[in-house]
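In what follows, a structure is listed as structure tokens, so that the remarks can point back to it.
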Amino acid sequence: MRKISAIAIRGSLLASAALAVCAPAVAQEDAPATAAQSDEDEILVTGSRATQRTSIEFKRNADVVVDGLVSDEIGATPDNSVGDTLERIVGVSADRFKGNANELSVRGLGPTLSFSTFNGREVSTAGPDRSVAFQQFPSELVNGVLVYKSQRADFLEGGVGGVIELRSMKPLDYGKRRIQFEIRGDFQPKDDDVYQHDGLGYRANFSYTDQFSTGLGDIGISIGYQRQDTTAPEDYYNANSTFQLCNTSANNPWLLTGNAAALNAAGAGQNCTNATGPRTVSGTVIGETRGDAYFANSSRSFRTQQTSEIRDGIIGALQWRPHSDFEVAIDGQYSNRASLEDRNVLGITEGLRGVQPLVISDGANGDRPGALLSYRGNSNLENQLETRQRE
């Protein structure tokens, strides 16, 4: 019985193998019908998923260590700028300006040790060194960002940390007409709280791509424009990092008028200090007592600022292909970014004068022992107004 079972099993396996061998021949006979059916059921993948597949295929075929995002569609990346797009790539970190990624470092070597190109040419920049402000490039107008993390013989020299390459659309390679328009709005509640501000902003882009067959050959054109007008209000609290060890307490820090002798007699005219005995100035005893030690800060400031960020960007390309083996391409990029800050600073410039401590931390509530939590004192107040314009 065991021998018959083994023969039966062996026979079924051979039959399965025979069916597997014969299957391609049967499928080949029905090939036209199958092809027609696949055309009707074809699923076209676009958008982010297509970008991911294209990027993976590009990395797989590359002969160097490269990472990036490549897409056939313009405007496929929704980031505020190319800097934010590049920051998504492993090994790339950004120095942020106005909340957006600006100068980039590859493999932690700093923005001045990388080399950047736009369609194979060195990227121009208005900075004092080789670092590039990638915030100037709208992500909607760039359809390829690559970061080469290893070198190749045909690379332009200078990319010690890596080579960052930006690519714009080639209209003849794109192969179809396309008109795209997009607008996005944003609302900043903090800016809406500012007098005569509404907190509204927007970001819009328009692109046009087309191809023409003429007697001189194929001509392709691609042009894209993006404008951003937003705001990013901010509040700051800054304190001087120098702390003074004190144990004195002014008797009357509220006395703000009178001659120097009267102010010193009240303890209101001198800075706190770590005194070992009574202090005197010009024969006048300082009106203060000595107690527990505490740490006081010399100055503090409160700053609020309204900002405006306006950016205009244009990227275009013109291709002429008179023959399949000959092509002329002209492309370019223009960007203008204007950043405005209106700063209002309230400064407490003499934080050590006439200090009368009220609450000194003992460390029981998680504070540092000796931290000055509450006090009375007097200081000059300064209202510092400043406007900064960056083009």
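The values are calculated or read from the model by the stated rules, or taken from the named source; none is laboratory data. Everything quoted here is computed from the prediction, not taken from an experiment. Positions of Cβ are backbone-derived with ideal geometry, glycine not excepted, and every protein chain shown enters the neighbour counts. Note: accessible area is taken over every heavy atom of the protein model, side chains too, but ligands, DNA and RNA are not part of it. Shrake-Rupley method; radii C 1.70, N 1.55, O 1.52, S 1.80 Å.
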inquiry  = Can you compute the modelled spin-label distance between Asn365 and Asp229, with each label point 7 Å from Cα toward Cβ, in nm?
reply    = 4.8
query = Using mean Cβ contacts within 10 Å as the protection proxy, how do 167-173, 141-147, 213-219 order, highest first?
reply = 141-147, 167-173, 213-219
request  = Place +1 on the Cβ of every Lys and Arg and -1 on the Cβ of every Asp and Glu in segment 174-285, take the dipole about the Cα centre, and give the residue among Ala232, Thr276, Gly217 whose Cα lies farthest towards its positive end.
outcome  = Thr276
note = One can check that the equivalent ellipsoid of segment 109-263, built from the alpha-carbon gyration tensor with semi-axes equal to the square roots of five times its eigenvalues, has lengths in Å, largest first, of 55, 27, 11
key: Cα-based equivalent ellipsoid, segment 192-268: semi-axes from gyration tensor eigenvalues, Å   = 71, 17, 10
ask   = Relative to the present Cα-Cα distance, how much length would full extension add between Glu350 and Ile56 at 0.36 nm per residue of separation?
value = 99.9 nm
query = How much length is gained if the chain between Arg177 and Phe243 is pulled fully straight, taking 0.36 nm per residue apart and subtracting their Cα-Cα distance, in nm to one decimal?
reply = 17.1 nm
query = Say a paramagnetic label sat at a point 7 Å from the Cα of Arg376, along Cα to Cβ; which residues of segment 252-279 have their backbone N under 13 Å from it?
reply = 252-256, 266-268
task = Any chance you could list the semi-axes, whole Å, largest first, of the equivalent ellipsoid that the Cα gyration tensor gives for segment 302-391, using √(5λ)?
result = 61, 19, 8
For segment 212-371, alpha-carbon Rg relative to the globular expectation (2.2 N^0.38 Å, N residues) = 2.16
task = Report the full-extension gain for the segment Val285 to Asn259: residue separation times 0.36 nm, less the Cα-Cα distance, to one decimal in nm.
result = 7.9 nm
request  = For segment 202-353, give the percent of accessible area contributed by carbon and sulfur heavy atoms, probe 1.4 Å, rounded to a whole number.
outcome  = 56
note = Hits in segment 304-332: amide N under 15 Å from the 7 Å Cα→Cβ extension of Leu340, namely 305-312
